[in-house]
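Read through the structure below, which is laid out as structure tokens, and then see the notes.
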Amino acid sequence: MASTTVSPTEYVPRHAYPVLDTDPHFKRVMSYLRGSDLATWAGLTAIVPAVLYGWDLSDRIPVTSPKTQARFYGLGGWLGFCGGFLMVYQKSCNRFLGWTENQREQELQEAEFTQLARSGKSIWGESTLQPWIQSTAHHNSQFAHMKFSTIPWFNFVNHPYHGVDVSKYYQDAKVWRQENGLEN
């Protein structure tokens, strides 16, 4: 009896919201951040030093040296900044996967992909890397945002493995170019 397996590149999660991209590029994730994401990032950046200050006030032996305080709260600010960044990056990636509400991202992607297809450019971007390297990069970065506790890993490679069919954008663009006399 032959068993069938599903390749990780063919896996598409089924959720209440549509899947936009199973391996979004770093630039797309950052450009699709919402205002609430930026507020969360700024809040975490500010709250970690504030919590450290509160702990310092309640400590029996507070940090009294100004030089040590600057390092102490500076490190807290840096940890808040990095932790906030990883948190909002993960929230944005979850919207691309359809795990949370993603109506705004759907609209942005529709406009972006339509414009790219109409201009004749590749939707997922051009890459000078060999296909096997693109595939390896994809396998390393797909769902990597779920493993930030182990190692922060991002997709910086343009590749065609995104788990989404984008042929409709090219078909619509072809009709649009024919209607506007740009293509015979």
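Using the structure shown, decide if E107 is assigned to a helix (DSSP H, G or I) and surrounded by 14 or more Cβ atoms within 10 Å (Cβ to Cβ).
Considered against the rule, which asks whether it is assigned to a helix (DSSP H, G or I) and surrounded by 14 or more Cβ atoms within 10 Å (Cβ to Cβ), E107 comes out as no.
Exactly one of (1) at pLDDT below 90; (2) in contact with a Lys or Arg (Cβ under 7 Å, 6 or more places away or on another chain) is unmet by E105. Its number?
(1)
Can you find a residue that is basic (K, R), farther than 27 Å from N94 by Cβ and touching a residue at least 40 places away in the same chain (Cβ under 8 Å) anywhere in segment 159-177?
Scanning segment 159-177, I find at least one residue that is basic (K, R), farther than 27 Å from N94 by Cβ and touching a residue at least 40 places away in the same chain (Cβ under 8 Å), so the answer is yes.
Just to verify a result, which residue in segment 50-89, among those that are farther than 24 Å from T150 by Cα and touching a Phe, Trp or Tyr at 6+ places or on another chain (Cβ under 8 Å), is surrounded by the most Cβ atoms within 10 Å (Cβ to Cβ)?
The residue in question is L52.
Residues are listed down the side, and each one gets a yes or a no for (1) among the hydrophobic types (A, V, I, L, M, F, W, C); (2) in contact with a Gly (Cβ under 6 Å, 6 or more places away or on another chain); (3) modelled with pLDDT of 90 or more; (4) not in a helix (DSSP H, G or I):
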site	(1), (2), (3), (4)
P24	no, no, yes, yes
L38	yes, no, yes, no
A42	yes, no, yes, no
P62	no, no, no, yes
G77	no, no, yes, no
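Just to be sure before I move on: is L44 farther than 18 Å from K27 by Cα, crowded, with 16+ Cβ neighbours inside 10 Å, among the aliphatic types (A, V, I, L, M) and out of contact with any Leu (no Cβ under 7 Å at 6 or more places or on another chain) in the structure I sent?
So L44 fits the description; yes.
Quick check: anything in segment 44-58 in contact (Cβ under 8 Å) with a residue 40 or more places away in the chain and either out of contact with any helix residue (DSSP H, G or I) (no Cβ under 8 Å at 6 or more places or on another chain) or outside any loop (DSSP other than H, G, I, E, B) (or both)?
Within segment 44-58, one or more residues are in contact (Cβ under 8 Å) with a residue 40 or more places away in the chain and either out of contact with any helix residue (DSSP H, G or I) (no Cβ under 8 Å at 6 or more places or on another chain) or outside any loop (DSSP other than H, G, I, E, B) (or both).
Does segment 116-171 hold any residues that are in a loop (DSSP other than H, G, I, E, B) and among the hydrophobic types (A, V, I, L, M, F, W, C), and which are they?
Result: I123, W124, L129, F143, F148, I151, W153, F154, F156, V157, V164, V166.
Test L33 against the criterion of being without any contact (Cβ under 8 Å) to a residue 60 or more places away in the chain, in a loop (DSSP other than H, G, I, E, B) and within 23 Å of G77 (Cβ to Cβ), and give yes or no.
So L33 fits the description; yes.
With the checklist (1) surrounded by fewer than 17 Cβ atoms within 10 Å (Cβ to Cβ); (2) under 23 Å from Y170 (Cα atoms) in hand, flag the one item I133 doesn't pass.
(2)
Take the residues of segment 113-126 that are of a type in the set (G, A, S) and more than 19 Å from the chain's Cα centre (by Cα): which is surrounded by the fewest Cβ atoms within 10 Å (Cβ to Cβ)?
S119
Find the residue count for segment 79-104, including only residues that are polar (S, T, N, Q) and assigned to a loop (DSSP other than H, G, I, E, B).
2
The values are calculated or read from the model by the stated rules, or taken from the named source; none is laboratory data. Bear in mind the structure is a predicted one, so any value in this text is a computation, not a measurement. Quick reminder, even Gly has a Cβ in these numbers, built from the backbone with ideal geometry, and neighbours come from all protein chains shown.
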